[in-house]
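Undergrad: Starting off with a structure, shown below.
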Amino acid sequence: MIDVIELAASGLDAYANVQDVIARNLANANTIGFKKNIISFKTILSTVDGVETSSLQTNYGVDQSNGSLTYTSNSLDIAIDGDGFFTLETDKGMRYTRNGQFQLSNVGEIITDTGSKLMGQSGPIIIPKGGREIVIDNKGVVKVDGKDIGRLIITNFTDLTRLVPTGNSMFKAPLETISEGGDEKFRVAQGYLERSNVNIVMEMVNMITNMRSYEASNNVIKTFSDLMARLISSQTI
């Protein structure tokens, strides 16, 4: 009976973790470039002093599927249609993102709203003073008033599961996972932004299903707890 209660209790912890992930996804449903968080569980069996026990291992991940593109007409809004990530220089090292909502710094650098610099093949992309028309072609070549000033670094990875979220729709990744070759399966779309890949309807359905499962496990614990209380009470009479 104790085993049943422990199993149900571990289920409550799992459902609570799922609820946290769903809440995070819903909170970022309108965040540009956000990638849906996912969670899975694995039962670990072990034997201690001849007694077989089990524990629930929680695994977190990220759904790296692409979101839909939305037209904005803003020349500093950029989206990647296909594979890859924009490469950013931050005060904590290189980061990677699908959030292409950029702006100009006071020295002409193309930056994120947190000040991270958009990287080109020769360093941060800097718009010359007095430049008016910014054009970025589908290969990531940046032109200002018809003159090439650089080309965006679109970084691909050999193993997307090793990317670690760091907030603000950014990721860090081990250097060995960066893909150095292969076909460039992307197009840069200027004047577009990639929306979050969170499906609000599906997340709400998952939330309702998860809450029902939580309630069911809670009822199991309550039922067995009441039963044990009655058994103990009957033995003390």
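The values are calculated or read from the model by the stated rules, or taken from the named source; none is laboratory data. Computed from a predicted model, the values in this text were never measured in an experiment. Methodologically, a virtual Cβ is constructed for each residue, glycine included, from the backbone with ideal geometry; neighbour enumeration extends over all protein chains shown.
Undergrad: Only strands (runs of 3 or more DSSP E) wholly contained in the range 114-202 count here; list those with 1 or more residues that are within 24 Å of S65 (Cβ to Cβ) and of a type in the set (D, E).
TA: Details: elements: 117-120, 134-136, 141-144, 147-151, 164-167, 170-172, 186-190, 192-194.
The strands (runs of 3 or more DSSP E) meeting that bar are 192-194.
Undergrad: Moving to a separate point now. Quickly run through the range 96-113 and pick out the residues that are part of a loop (DSSP other than H, G, I, E, B), β-branched (V, I, T) and under 26 Å from the mean Cα position of the chain (by Cα).
TA: T112
Undergrad: What is the number of the single condition among (1) closer than 17 Å to T31 by Cα; (2) touching a helix residue (DSSP H, G or I) at 6+ places or on another chain (Cβ under 6 Å); (3) among the charged types (D, E, K, R) that R162 does not meet?
TA: All conditions are met except number (1).
Yes/no matrix, rows are residues, columns are (1) among the aliphatic types (A, V, I, L, M); (2) modelled with pLDDT of 95 or more; (3) under 24 Å from N25 (Cα atoms):
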position: T53; (1), (2), (3): no, no, no
position: R98; (1), (2), (3): no, yes, yes
position: F102; (1), (2), (3): no, yes, yes
position: G115; (1), (2), (3): no, yes, no
position: G123; (1), (2), (3): no, yes, no
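Undergrad: A further question follows. Could you list, in sequence order, all residues of the range 134-164 that are loosely packed, with under 15 Cβ neighbours inside 10 Å and in contact with a Lys or Arg (Cβ under 9 Å, 6 or more places away or on another chain)? Steps first, please.
TA: Start the filter on the range 134-164 by keeping residues that are loosely packed, with under 15 Cβ neighbours inside 10 Å, which leaves 135, 137-139, 145-148, 158-159, 161-162, 164.
Hits for the range 134-164 are V135, D137, N138, K139, D145, V164.
Undergrad: If you scan the range 64-96, which residues turn out to be among the acidic types (D, E) and surrounded by 13 or more Cβ atoms within 10 Å (Cβ to Cβ)?
TA: Here is the first cut: in the range 64-96, the residues among the acidic types (D, E) are 77, 81, 83, 89, 91.
Scanning the range 64-96 gives D77, D81, D83, E89.
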